[in-house]
Structure formats: structure tokens, C-alpha cells
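The values are calculated or read from the model by the stated rules, or taken from the named source; none is laboratory data. Since the model is a prediction, treat every value here as computed from it, not as a measurement. Methodologically, a virtual Cβ is constructed for each residue, glycine included, from the backbone with ideal geometry; neighbour enumeration extends over all protein chains shown. Accessible surface areas use protein heavy atoms only, side chains included; no ligands, DNA or RNA. Shrake-Rupley method; radii C 1.70, N 1.55, O 1.52, S 1.80 Å.
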Amino acid sequence: MAAIPALFTSPPSIRDALTTHTSDSQDETVKVCQPFLSGQEPGTRNAYGIPHLSRDRHIKFLQTQLGELPGAFKAMDPGRPWIFYWCLAALTLLGEDVVSYRERLIRTVRPMQNEGGGFAGGFGQDSHLATTYAIVLSLALVGGDDAFEVVDRKSMWRWLGSLKQPNGGFQMAVGGEEDVRGAYCAAVIISLLNIPLDLPTDSAAYSAGHTDLLSGLGEWISRCQTYEGGVSAKPGTEAHGAYAFCALGCLSILDSPHRAVPRYLDVPRLISWISSRQNAPEGGFSGRTNKLVDGCYCHWVGGCWPLIQASLGGLQEGPKAEDVNNDAAAEEAGDHSLFSREGMIRYILCCCQDTSKRGGLRDKPSAYSDAYHTCYVLSGLSSVQHKWTLNVARTDPSVERTDKWSVSPFKEGGQQVFDEEDRIRTTHPVFVIPQQKAEDMLSYFSAKTGF
Amino acid sequence: MAPKSKASSKAAPIPESKAEPPPETVGERSTQRFYKTNTLQKRCEEVGLAALTPAEKKTYSHAQLIIPVSQDRVPLSIKAEREYWKQVSKENLPIRRLRRNYDWGQDRQGRQLDTYKLADFGERSLKQARLAALDILHRRFLAKRDKARKEGSELPAEEVEEEKKTRAAMAVLRKELYGKITGPLAQDPAWDDVVPIPQAEPEDALARIAYPDDYAEAVSYLRAVMATEELSERCLRLTQLVINMNPAHYTVWLYRFKIVKALELPILDEIEWLNRVALQNLKNYQIWHHRQLLLDYYLPSISSDTVAVKKLAKSETEFISRILEEDTKNYHVWSYRQYLVGKLELWTPAELGAAQNMIEDDVRNNSAWSHRFFVVFSNPKETTPGSLPTATDPKVPVATIDRELAYAKEKIALAPQNQSSWNYLRGVLVKSGRDFATLAEFTEQFVSGLGEESEDVKSSHALDLLAEIYKAKGDKEKAKLCLERLAAKWDPVREGYWKYQIAELEK
């Protein structure tokens, strides 16, 4: 068995003498993760000292989450659509066919759609961008005309217009908070549903001079980049990993990332900040400076990397078939990743898996698994196991809504610390559902003229 | 029909069966009663039809034969019927008798009622009677209230209170007897005119939650009043009920704000209430958005009253500080604080001091550093409106820049590997537009003997900044060395990033 690199088993080489609350909790976290990282926990491990992915247990966990939930889940009453998305997306990543959920999903989400447009967290609640985003993605995941037809696009368009703010951003709900999540969720919804961009004339943003649902959005996002280089929820607050992903995702919808991201963000500072999120020895990512690792940032921060690479690299040829199959050629190319893939994989497979009967993935070993972490840890795992390349950029962003991406297993740099059987399915770096599912929905709605 | 002798026509006397023990359960009593009213049935079952005496046989079979007519299963002509009854009374045949296997039904736990002990069953019947009696009282109340309302008046409060007690008692009985839940709102006469809208979803809905009864009831009423857009005192109470059960319910917050506006409620009372909710729900963020809506709405009404504004600023910042003591990096609380500073123009030494105190407590608290940056570099008096945080702003006074650089340096000295203070230092420098080289001397003190045997690095962040400083100076080799040492030794988890930086140097 290859030794586990000291980087992932020993404390960092520089340590300040001064202890504070922050350093205490950091030390505590390292202590909790350490036995998992160094292979002291029971269970079989591969040649690199890494446990296998407990696929079956995670699948069972996700299926349970989609079934009847106890009363203690009432706090999720306004966020149930998230459970649909997290579970369906994660099951898909694990190779499960979720088409069988189509009819149930359709029946379940119908009462959540409001006449005034958009989907709420539940029947009789207000429409919300986050829950609408989760439902649109869930419908895309199960696919099929019946599922697509659930969405009332005309009222959706009107509702989106009512959320658009004079400053270019989006409120999460009518009268709700305005933040970068809103920008990303709205952009995804507009893009996948092929919502006409003309702003309804009764929108407050229209009165402020906007004529387009997406106009001014990039400018608004640029106001959210902080002095640290990361992105905050709204202008003036602290940089946070989840918002960095939302900002990059949103910008990659506004235009091809190699154009949109440098246009609106200071890319070198952003990369420096994102890179700083990776912790050693844990290997995982934190959401903010001096905060703790959390498995969900494998997506929110880890998922930034393909978009960053695309922003930097511009257009690239898709991987040639012979390269993909020729490991030696790939290895020779060297690992040009801007982050430690190995660290991330180690954190995910060693620390984030609940290996008990319960299954599912988690924040860190001291936490219980849940659908949210299962989804985003697996999204991160998929992202780190693959390489996304931007092949063809849209020529006219005002007409075309997407670019062409290609994906291949990441095999560069020689050493692959996980076994092939633990490689999971791919997920689109912007929409966070499989590329084919996103394209199916896009082409269905693109074929429509008018609503 | 041939006339029969009187003696033989009379039914044979029923042989006395052994004295049976008194029944214990409802079922046993039913069985005993069945046999009592079905002559000879038991004896026939015990010894068989063939073993009966001829007289018994006759009585038994006649008793069986009359059943279809007595149960109206066979219609007779008037004449035949007369004849039938003549025979029945002549032979004294049992017409009114109980059927076997009477179904008593089951209770709410699914237990068959015929397994009940007689005493328990009696008690149950008594409860049913009590419920019926209460129902009469309840209906009388409704009728009386209807009448009063028609006459334009309301019933006195005592009667309403009495009715509440009646309903509470009814709810207890209904639950005990039938397992039916009558929630507290259905028990409250104030809600009688609202027809709750229950959750609409299919039986096999995905991730269906088994909502607790009180929550399910409350949100059913919430749907109903929201559907009619009712903005009233009772709706306000309802929102409080729902918020207490589920503060993450964003809809109820937005609705509550509409009510607060419509009823013109005193905003300070609402904030007072919100404080208690916030302390109980530290991680909730709807609370903070609600608070922001309240302030946006309230401020214009007091903007000319500087004393009131100052008082508000004081109470708000005090409360935020209290919350931040409990949860020092709470994202939503800090965001609200930034909102408040902008809204109330708290670009003050006190506000700077508040952030400073948090940094003194924990120099690694990045939220506090971020707040400080906001207070200093968004102050409209000292900065260019719209200047991005990542951009140079020539309007910032030199004294401010110097003060902030000095502050960051002082904190870096305390814990050189603390990235928060380095990020701050760098952020200030970008704002100032000064050359990175101006930080060379300060930064170099954390690094010695780079690339040599004696190499010592107190801060990887210093090394990172040095790479940038040397690059700006045009000293690529030195910059490269910094980056190489970061990749190899001082920050190897970011090796890929440092290598990318090296590649950028070559460009």
C-alpha cells in the first residue's frame, strides 16, 4: 500500500503560538478528521489508503429521503423542493435512473406552482427563486414532455419580471432578500426554460430603465466581489464560497465564461481566494477565510474550478478520443489543476461518507449525513473526477444561451488515488445536472415560439 | 291445516341450561343475549338437531322457518300474513331476537369494541353522552352568536371563554373516543368563520412530511387567510404561532410584514418581539430580512427626529453585538449590521470600535475584518461612490490608509499565519493605489534565508505577498523562488495554484 502523503496526515508546517476561538475549533476539526484521513478508522481501503464509495448505502439513504419523512422535518416544509433536487441529482450521479420518479414528481410539484408564476416551497406558500430553481432542475432530471409541460412559462416570465430589481439583481421572492443566489437561480431558470428576455413593462426594473431580464446583472455581481477576492451574498458583505459559485454560474450563463468572468470579476484575486479555501491536512474546502472545512464546499468551491479553468483557458479543442483512451498521453500532459484533486478526493471519501447503515454524505465526521450534503459532496466528487472543457462559445450571447462543453475522465498527472469503480457520473458545471438532461430541456423549450 | 291438539301445539318447555357466569365483556354479553333470545339454539349446537326431542325439534324448526318473513325477506299477502301471525302467537315463537355476530365496531386504536370490559364500555358510552351534551351547548353558542351578530352585537367575553372551555372538553373527548384531532385554532371561536385549507398533495408525494398536528392546522389556517388577503390582529397572532413552530417558513414572514404595515403596528414593539425570536433561533436568516424590511419602513417616519434615530441606532447595534457574542461569525447578522451602517450612516468611530472589539477577541474572525473594511471603505464621506472593493479609490484620505495599514500590520504581528489580517492589508493597499513594494520591508520580516539551509518562514501569506512584490519590482527570479518554496514546503496543498503563478510569471 502506498503511504498516505504527510500533507494529509500531519499539521501544517506553520502554526502561530497565539490561540483564539477560531484556532481552537480548527484544531478540533483536524483532530476529528485525522483518524479518517490516516486510515485508523475500520473499513477496507484501496492502495492509496482511501475507502471506497459506499454507493449502495448512499443510494438507499437518498431513496429514504424521498419517502415519507417524520414530523421533525417540518423545518423543511418551505424547502421541500430542495429535497427533490438534492436526492434526484445525487441518485443520478450515482448512476441511478430517476425517470421512475417522473409521475410522482409531477404530481408533487403541481400544487406548488402559483398562478402568479413560479413555484413555492409548498402548497399555499409564496413563490421563491430557490424552490423554483430546485423544481425546474428536478423536472429536467426526470425529463420528458409531461414534466416540462408542468411549468407555466408565461406566468414564470411575469413573476421573474417582478423580482428583477432596479439595480439589476433579483429578489428571492416578492418582497424577499436580494442576493447572488437569486442572480444564479434566475439565470438558470431563464436559460433552461428559454424564457423571453424582454422585461415585463410592469416590472420595477423596467421603470428604472432596464428592458432585459438579464441586463445589469453582471454589473450587480461585480459589486459583490470583496477586497478578499471572493464573492459575497450582496455588495458589502463577507466573501463566501457558495456565492462564488453562484456568481460564476450566473456569469457563465450571461455569456461564455472566458468572456463574462473577466468582464465582471477580478479573476486573479478570485482565484487566489478560491485557492485559499482548500485546507490541509483535511484536503476539503472551507466557505470563508478562517472557517472550517465542510463537505458541501466540495461543490460550492470545488465546483468553481471548471468554470475558472474555462475562464482562463478560453476555447479549447475537445479531448480527442485517442487521448481519452490513452492514459500514457494524458499522464504525460501533467496535472495542470489549480487545486489539489487528491486532497479533495481524500476529504470526500475518507471524511464525508457515513459508513454506518444510515449511509449518505456529510459536512464532516462529527456531523450527520443529510440530503443536502449528499448532493453537494457527490457533485464535488464528480467534478474532481472529470475534466470539463469549453469547446464552442456562443457567437451571439443575445441569441444563444449556452456554450458547448465536453467532458472526459480526469486522468492527467499520472496518479489516480481513487479506484475506477468509484468514479461517478458527470454533471454540467453550470446547471449541476447531467449535460444531456440540461440539453433536453433546453431544446424542448427552444423549439417553442412564444409561450 | 289440520287442527292440532292444544297440548302438542304449544312449544315444549325450554330445558334450563346450566347457570352461566355473568358476562365480562361486551362480546360475551352479546353472545349470552343471543342465546337468550334464540330459543333452543344453544342446545341444538351442543347436542345436534337429531338429538332434540320431537317437541324441541318442532319448536326449533318452526322458529327457523319464521325468520325470512320476520326479517321482511319474504313478502306475504295480507291473508297469508294474518295466518302467519296467528301461528306465531299460537306457538309463542320468538319473533324478536338478536342476531349473532353483531358488529360493535372498533375504537381509534383499532381494538374491537366487543373485547371491552363492561365497565370500560360503560365509561365510553358515558363519554359519548357527555360529548353529545357538549355539542348541544356548542350549537346553542353558535346560534346565539349568529343571532347577536344579526343584531349587530357580539356575545360577552365570558360566554366566548365558556365556549372555548366547551370546545376544549369536546376536543379531548373526540380524541379519546375517535382519535380525531381538533386543533387549538378550531377550538377558538375567533376562527369559526375561516375554513382552513389543508395541504393539497397526493398520497405518494415525494419527501412527504408527517406534519405534527398543531403545525398542519396552523398552516391550513394560514393558507386560508392568505388566500383572502386578510390583514388583521388575529392573522398577526397566527403568524407568530407559525413562526414559533417553524421560523424557516419564509412566506409567513413576508405575510407578517404586510400585516404590520396594514395595522400600522408600533415598529419598536415588533422589533422587541423579534429580538426574542432571534435569540431563540440564531441560525435563522428570515428574521434578519424581516428586520431590514421593518427598518426600511420605519426610518422615513422618524428621519427628522435625530434623537429617535440615534436611539434606534444604539438599540440596534447593542442587540446585534449581543447576538454576535453568541455566534461570532453569523453571516446574516453581520450582513444586517452592514445594512444598518449604510442605512443609519454609522460611519462612526463607535462602529469601527465594535468591529475592533471583535477582532481583539479573536484576531482570526474574518467577519469582523470584513465589517471593518466595509465601515472604512464604504463611508461616503471618505470614498468615491460606487468604487468597487477590489479597486483603487483615490478619494480615501492618506491618514485613513495609514491608520488601516498600521492596524493590519499590528494584528499580523500577533499571529503572522492569520490570513484575515493579510487579506485586509492587501485590500487596503489596493484601495490606496500604493506600490506593493511599500510593503516589502514589513513582509520580509516573516521570511528569512529563503532557499537556503536556514530557511525560516513565519507566514505563507507573507511569502505569497512577497512573490507579488518581487514580481511588481520586476525581480522574477525572487518571485519564482517564493512560489516554488510555497509549493514545495510552506503551502503544498495549493501546489497547483503556486505552479500556475510561476507559469504566469513566465508570460
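How shielded is B:360-370 by partner chains, expressed as the average number of their Cβ atoms within 10 Å of its Cβ atoms? The partial results should precede the final answer.
Details: counts 0, 2, 7, 6, 12, 5, 8, 6, 1, 5, 12.
Other-chain Cβ atoms within 10 Å of each residue's Cβ, averaged: 6.
Please average, across the residues of A:118-126, the number of beta carbons from any other chain that are within 10 Å of each residue's own beta carbon, and give a whole number.
Details: counts 0, 0, 2, 4, 8, 8, 12, 10, 7.
For peptide A:118-126, the averaged partner shielding equals 6.
For chain B, the longest principal axis of the C-alpha atoms and the axis of helix B:118-150 are separated by about 70°.
Normalised size of segment B:349-507, defined as Cα radius of gyration per 2.2 N^0.38 Å with N residues, equals 1.09. From the alpha carbon centroid of segment A:177-237 to that of segment B:247-279 is 27 Å. Which log10 I(q)/I(0) values does segment B:21-91 give at q = 0.22 Å⁻¹ under the Debye formula, counting every alpha carbon as one identical point scatterer? Log-scaled intensity ratios, in q order: -1.00. Both radii come from the Cα set of segment B:446-507: Rg as radius of gyration, Rh as Kirkwood radius; their ratio Rg/Rh reads 0.93. With the simple spin-label model, which puts each label point 7 Å out from Cα in the Cβ direction, the A:ASP202 to A:ALA47 separation comes to 6.6 nm. Taking the C-alpha atoms only, the angle from helix A:153-163 to the longest principal axis of chain A is near 80 degrees. When each of the peptides A:129-139, A:263-273, A:11-21 is scored by the mean number of other C-beta atoms lying within 10 Å of its residues, the order from highest to lowest reads A:129-139, A:263-273, A:11-21.
Accessible surface for segment B:29-145, divided over its residues, is 69 Å² per residue with a 1.4 Å probe. Extending 7 Å from Cα along the Cβ direction at B:LEU113 and again at A:ARG158 yields two label points whose distance is 5.3 nm.
Within segment A:1-95, the proportion of C-alpha pairs whose separation exceeds 22 Å stands at 57%.
For B:ALA406 and B:ARG322, what does the FRET efficiency come to when R0 = 30 Å and r is the distance between their Cβ atoms, rounded to the nearest 0.05? Mind dumping the intermediate values first?
Values: r = 30 Å, r/R0 = 1.00.
E(calc), rounded to 0.05, equals 0.50.
Can you give the Rg to Rh ratio for the protein assembly as shown, taking only C-alpha atoms and Rh from Kirkwood? Each step should come with its number before you reach the end.
On the way: Rg = 37.5 Å, Rh = 33.0 Å.
Radius of gyration over Kirkwood radius for the protein assembly as shown works out to 1.14.
Assuming a viscosity of 1.002 mPa s and a temperature of 20 °C, what translational diffusion coefficient in µm² per second does Stokes-Einstein assign to chain A, Rh being the Kirkwood radius over Cα pairs? Intermediate values should be presented prior to the final figure.
Values: Rh = 22.4 Å.
It comes out at roughly 95 µm²/s.
Size descriptor for chain B, Kirkwood hydrodynamic radius: 32.7 Å (Cα pairs only, one decimal). The Kirkwood hydrodynamic radius of segment B:53-139, based on inverse pair distances between different Cα atoms, is 17.1 Å.
Hey, any idea what the orientation-averaged projected area of the convex hull of segment B:116-178's Cα atoms comes to, in nm²? Don't jump to the answer; show the numbers that get you there.
Details: hull surface 17.8 nm².
Computing the convex hull of the Cα atoms and averaging its projections yields 4.5 nm².
Between the alpha-carbon centres of segment A:339-401 and segment A:4-38 there is a gap of 23 Å. Per-residue mean of foreign Cβ neighbours for A:19-30 is 3 (Cβ atoms of other chains, 10 Å radius). Taking 7 Å steps out from each Cα toward its Cβ at A:THR395 and B:GLU159 produces label points 8.2 nm apart.
Scoring A:184-197, B:443-456 by mean Cβ neighbours within 10 Å over their residues and listing the highest first yields A:184-197, B:443-456. Working from Cα positions, state the angle (0 to 90°, nearest 10) between the long axis of helix A:21-37 and the longest principal axis of chain A. Approximately 70 degrees, to the nearest 10. Relative protection proxy for A:343-349, A:369-375, B:491-497, from highest mean packing down: A:343-349, A:369-375, B:491-497 (other beta-carbon atoms within 10 angstrom).
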